[in-house]
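Remarks on the structure that follows.
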Amino acid sequence: MTRSQLIAKLAEETMMTKSEIESVLKAQTKIVTEAVASDDTVELTGLGKFSRIERKARQGVNPSTGAKISIAAKMAPKFKVSKSLKDAVV
């Protein structure tokens, strides 16, 4: 499902206009992004949990040359699917 299909489906389900739904989705994305970036966790019951993890520095291999390279430590977003969503898919 694409973003535009999601917006159309939500507009149909909620009786809101597509432009209202689009602004809500943009706001939700902004809020979740800001929260995860500031090391908060966002849990959406029935969907999952957004959080931030630290990936440790490690050694990697350049696939074209075979040379060893250092991969720096970094922060990364993480999403854990809720049990109810897992159960619905299986």
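Within segment 31-71, how many residues turn out to be under 26 Å from residue 83 (Cβ atoms) and small (Gly, Ala, Ser)?
Qualifying residue count for the region: 4.
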So the helices (runs of 4 or more DSSP H) completely within the chain holding 2 or more residues that are surrounded by 12 or more Cβ atoms within 10 Å (Cβ to Cβ) and of a type outside the set (S, T, N, Q) are 3-14, 18-37
With the first residue restricted to segment 7-19 and required to be without any contact (Cβ under 8 Å) to a residue 24 or more places away in the chain, and the second required to be part of a loop (DSSP other than H, G, I, E, B), Cβ contacts under 8 Å at 6 or more apart or on different chains are 9/1; 10/16; 11/17
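FYI, it's all coordinate maths here, none of it is from the lab. This structure is a prediction, so every number in the text was calculated from the model and none was measured. No Cβ is skipped: glycine too gets one built from the backbone with ideal geometry, and neighbour counts run over all protein chains shown.
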